[in-house]
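Take a look at the structure set out below.
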Amino acid sequence: HAGMEMELAGQDRTQVQAYPELIYGKKPSSATSTTPGLPQRLSGISRIEADYDIHTKASGCYNAAFELWLTRTSAADSADITSEIMIWVSRKGLRPAGSFLKSVETPHGTADLYEALSMPWRYLAFVLDQEMLTGRIDLSFFWSRSWLWAALILPCFWQASSLETRSLSDGARLG
């Protein structure tokens, strides 16, 4: 169990102001991993699922999302990041970075896919159409689709088998 309380008076609530998060694995900006199981090559992972239950008493703009970081190596250097993949399970008034690409069917319903190339890495956000505050989510679905690699990742000349899963974050962006 984890909890947090924040107040962001006077801020532009349509933009992300804070990102409190729970980290499982090694976030690229962190020196160590929270588990010996990560980082790990994508080719060595057949499935990652998360069971979760989110309870919130929030107002204003916010979201809840899972975040996957993919890198070229197992080093902690942020320069190795190739992709950041977010799965938004709840959204109130915030919009992901980047541009809308298309709607895709997932095991959890339809999601709108956004992409941003304004960072040194590729940012992808899958925004579920229906809020999913509790349940089991198949996170591996969001990086394992051949259409995703063919249409979005491979043109950058990175091979999926050489990418590392750095960390899983479950966080809430507050606006």
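The values are calculated or read from the model by the stated rules, or taken from the named source; none is laboratory data. Please read all numbers here as calculations on a predicted model, not as lab measurements. When we count neighbours, we look across all protein chains shown, and the Cβ atoms used for this are built from the backbone with ideal geometry, even at glycine. Please note that ligands, DNA and RNA were not included when accessible areas were found on the heavy atoms of the full protein model with its side chains. Shrake-Rupley method; radii C 1.70, N 1.55, O 1.52, S 1.80 Å.
Yes/no matrix, rows are residues, columns are (1) in a loop (DSSP other than H, G, I, E, B); (2) at pLDDT 90 or above; (3) among the hydrophobic types (A, V, I, L, M, F, W, C); (4) closer than 13 Å to residue 86 by Cβ:
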| position | (1), (2), (3), (4) |
| --- | --- |
| 110 | no, yes, no, no |
| 118 | yes, no, no, no |
| 155 | no, no, no, no |
| 165 | no, no, no, no |
| 173 | no, no, no, yes |
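Starting from residues that are under 15 Å from residue 123 (Cα atoms) and touching a Ser or Thr at 6+ places or on another chain (Cβ under 8 Å), keep the ones in region 77-94 and report whichever is most open to solvent (accessible area, probe 1.4 Å). Working first, answer last.
The initial filter retains those residues of region 77-94 that are under 15 Å from residue 123 (Cα atoms), namely 78-88.
Within this subset, residues satisfying the condition of being touching a Ser or Thr at 6+ places or on another chain (Cβ under 8 Å) are 78, 80-82.
Numbers: 78: 54, 80: 29, 81: 7, 82: 0 Å².
Looking at residues that are under 15 Å from residue 123 (Cα atoms) and touching a Ser or Thr at 6+ places or on another chain (Cβ under 8 Å), I get 78.
Tell me, which residue of region 125-147 that is more than 15 Å from the chain's Cα centre (by Cα) and modelled with pLDDT under 90 is surrounded by the most Cβ atoms within 10 Å (Cβ to Cβ)?
The extreme case among them is 145.
Within region 49-68, which residues are part of a loop (DSSP other than H, G, I, E, B) and open to solvent by 30 Å² or more (accessible area, probe 1.4 Å)?
Taking region 49-68 first, the residues part of a loop (DSSP other than H, G, I, E, B) are 54-61.
Matches in region 49-68: 54, 55, 56, 57, 58, 59, 60.
What do you reckon, is residue 109 farther than 26 Å from residue 26 by Cα and open to solvent by less than 40 Å² (accessible area, probe 1.4 Å)?
yes
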